[in-house]
1. What does DSSP give for the protein assembly as shown in terms of the percent of beta bridges that are antiparallel, rounded to the nearest 5?
2. Looking at the square roots a ≥ b ≥ c of the eigenvalues of the Cα gyration tensor of the protein assembly as shown, which shape do they give, rounded for a/c under 1.5, prolate if a/b is larger than b/c, or oblate?
3. Mind giving me the FRET efficiency for residue A:142 and residue B:69? R0 is 45 Å, r the Cβ-Cβ distance, nearest 0.05 is fine.
4. Once the label point is set 7 Å along the Cα-to-beta-carbon vector, what list of distances in nm do you get between residue A:24 and its counterparts in the other copies?
5. Give the average, rounded to an integer, of partner chain Cβ atoms located within 10 angstrom of each Cβ in B:199-212.
6. Taking 51 Å as R0, compute the FRET efficiency from the Cβ-Cβ separation of residue B:25 and residue A:184 and round it to 0.05.
7. Which shape class applies to segment B:1-113: rounded if a/c is under 1.5, otherwise prolate when a/b exceeds b/c and oblate if not, where a ≥ b ≥ c are the square roots of the Cα gyration tensor eigenvalues?
8. Can you list the distances in nanometres, one decimal and ascending, from the residue A:108 label point to the identical position in each other copy, with the point 7 Å along Cα to Cβ?
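Just so you know, all these numbers are worked out from the coordinates, no wet-lab data involved. Since we're looking at a predicted model, the values are computed, not measured. A quick note on method: Cβ atoms are made from the backbone with ideal geometry, for glycine too, and the neighbour counts reach across all protein chains shown.
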């Protein structure tokens, strides 16, 4: 049984920052050292959205920030996203603004296309229950583009919502309790190959694979 | 005739910054606005080298800086490169140090694995005359990984030095006189697909293609 990911479906990227700050009290002059590695999440945002001449409209990014007393999640929606530049500092400044918004369990808008709420990974998975969940892990099933010459018949396994959600860890990977939630939710565990890559580079690859060909894995 | 790029050959990435500063007089607080878009080159460096747990040793990056009175080139060699972190600002700080070194036509070391000299694109192409040159441009021949099931026979076209050199423009693309030099040097013009991507994202893709499979194009 092969899973086919159509290039037309909505692309959600979830990045979990286990140490990432939930307050705006970090320094733009030292993002890695003062924000619980929010720099990793900034680069993931850029990889997900920026093209040479625009922003990907069919992308949504969720940053799960677990480095504070209460977990927060920031959502960035390509359809309405504004003010995103390709450099890291500008993205960090947008996230700083989002973290200054008083957060409740309901989404509140910060700047155009950027929303924030309290709540962490379980709440987000519950929201995305109709999406096809794909968990990126080094020892997962190898992901490959379909060969046009292979002649293999592929089965399209569209999710009820037609959405995909790719889940990526930060530099600490994912926690056992998060992996248990993913398994319970029926997530596929998929690998991008033999070399261990940063989350932002994985996102570049996933976007490209979906841009060029449908993506297939067993 | 197909060109096969072996994954074991040395990988050179050349990024040309047409406005990029050749002096250290730029601000780390506003890299895009004060350095002639050196931020683009910083991200290219990170994409070329950083892995989850280390630096790619088989990579060499050349940054051609054309935004000053005299062109300069910075070389970063993976074998001996030190102090490179994945965030943009740290990379910019390393380049700032390199630009403070008095430059002559001979390579002078700045920090471990980072060298600088005067000279621009023609001088660099002359140094790399034995490498297989691959110029990334949107309308080039489509690059694809070899399908294991295609059964096609591929011809290995190793360059005399066993090296590859990928040439990428900045946000302004490449100039007609640079393209003429590339054509004269026998560079192949290759595309990564239908969507126009930033240079750093192209480098992520090339590294991945070479990591996972030999790469083939007509």
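1. Around 45 percent of the beta bridges assigned by DSSP in the protein assembly as shown are antiparallel ones.
2. oblate
3. On the way: r = 51 Å, r/R0 = 1.13.
That gives a FRET efficiency of 0.30.
4. For residue A:24, the other copies' label points sit at 3.4 nm, shortest first.
5. 5
6. Between residue B:25 and residue A:184 the formula returns 0.35.
7. prolate
8. Residue A:108 label point versus its equivalents elsewhere: 5.5 nm.
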